[in-house]
Amino acid sequence: MANGKTEGNLEIANPGKVTFLEGRGELPMMEVSTAWSTAEIYLQGAHVTHFRKKNEPPLLFLSQCSRFAAGQPIRGGIPVVFPWFGPREGMNQHGFARLKEWELKEFAPAPDGSVSLRFRLPETPEGAAFPSCTVEYVVTINDALQLELAVTNNSKTEEFVFENCLHTYFEVGDVRDVSIKGLKGITYLDKVENFARKSETDDAIRISSEVDRIYLNTADATEILDPRLARKIRVEKHASLSTVVWNPWIAKAQQMPDFGNEEFERMICVESGNVSSNQIRLPPGESSRLKVKLSSSAM
Ligand code: BG6
């Protein structure tokens, strides 16, 4: 079968399979299985909450305390941050895309066994403040997880200025033992020190306190080396100039109602997007395509 329908339970010929379910909090979700991996995606936020390769621990961290409720953000997985990153006066942090139920437009098992699902952000009252645009998100599942967030500015006259970010929470054995490579020499804004501008001096970033950094003007791939899980995660990106690294550590974890007090030990966010001075200025009629590939191997 080349293309799937979007209603009902449907099994696709071996090996790609998509099952429609009621997920946690009665939110609609999809379970995907391929010859290499399993994944779970909620329509709310087009939110990938789970990806696991056979014979590996889950790639994505999901908080045991996450809310699963209409209009509330899910804590973990891959929140889609759009059209702004961080706080905005009178509005929700990180935009509204992660809070809305997206439409599943299509799912397509490829002959190689991959499964792709294409979502579209519906028109929302919040979107009326921005130029008319089409926002689509394609999630492809095989032995890796590939994500593509495409924004088309439909206005004939107005530039569309926005931020985007695939706010990926990775599962790690113990964050204190993890090294993040690929950001040496990159300028970053240190949000923990009131957005102080700094330059990364370390070949391998280690985490031993709260970290909240926006690395700017970097298109490079990053790697997360995790000796406890004996795993190397690779984050490759395209049309992304910012990488955000975040771990809330102890005090912030305790303040977050949807995050366990000790869960900071098992996660690290390495986020790919275009934020702060890397925001996108999209001319009328043009499209931007943020692509991220997450893969892992034993180390
Ligand atoms: C990160 C930000 O991307 O997301 C942090 O840099 C923020 O400052 C974190 O705390 C989590 O945000 P939220 O809105 O999901 O709690």
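Annotations
- Were the residues from Glu286 through Glu262 laid out at 0.36 nm apart, the gain over their Cα-Cα distance would be 4.2 nm.
- Label point at Ser208 placed 7 Å out along Cα→Cβ; residues across region 171-197 whose backbone nitrogen lies under 18 Å: 174-181
- Kirkwood-based Rg to Rh ratio, region 111-245, C-alpha trace: 1.02
- Most to least accessible of Leu241, Leu117 (protein chains only, probe 1.4 Å): Leu241, Leu117
- Near Ser240: Cβ cut-off under 14 Å, other residues only, Lys/Arg at +1 and Asp/Glu at -1. The net charge is -1.
- Derived scalar couplings between HN and Hα for region 279-290 equal 3, 9, 10, 9, x, x, x, 9, 10, 10, 10, 8 Hz in order, rounded to whole Hz, by the Karplus curve 6.51 cos²θ - 1.76 cosθ + 1.60 (θ = phi - 60°), x for Gly and Pro.
- Flagged links, alpha-carbon separation over 31 Å, of Lys156/Lys181; Lys100/Lys184; Lys53/Lys184; Lys54/Lys181; Lys156/Lys198; Lys105/Lys181: Lys156/Lys181; Lys100/Lys184; Lys156/Lys198; Lys105/Lys181
- Relative contact order %, the chain, counting alpha carbon pairs below 8 Å whose residues are six or more apart: 17 percent
- Debye, to nearest 20: dipole size of the chain, +1 on Lys, Arg Cβ, -1 on Asp, Glu Cβ: 360 debye
- Candidates Gly273, Gly285, Gly113: whichever shows maximal mean-square fluctuation once the chain is modelled as a Gaussian network with Cα springs under 10 Å: Gly285
- Only helices enter this figure: runs of n ≥ 4 DSSP H residues, each worth -39500 (n - 2.57), summed and divided by the residues of the chain, yield -500 deg cm²/dmol at 222 nm to the nearest 500.
- Separation between Cα centres of region 179-197 and region 239-299, rounded to whole Å: 13 Å
- Residues of region 29-46 with amide N under 13 Å of a point placed 7 Å along Cα→Cβ from Ser297: none
- Hydrodynamic analysis of the chain uses the Kirkwood radius over alpha carbon pairs. Inserted into Stokes-Einstein at 25 °C and 0.890 mPa s, it gives a translational diffusion coefficient of 126 µm²/s.
The values are calculated or read from the model by the stated rules, or taken from the named source; none is laboratory data. Keep in mind the model is a prediction, meaning the values are calculated, not measured. With ideal geometry, Cβ positions are generated from the backbone for all residues, glycine too; neighbour counts draw on all protein chains shown. When the accessible area is computed, the model is the full protein with side chains, heavy atoms only, and any ligands, DNA or RNA have been set aside. Shrake-Rupley method; radii C 1.70, N 1.55, O 1.52, S 1.80 Å.
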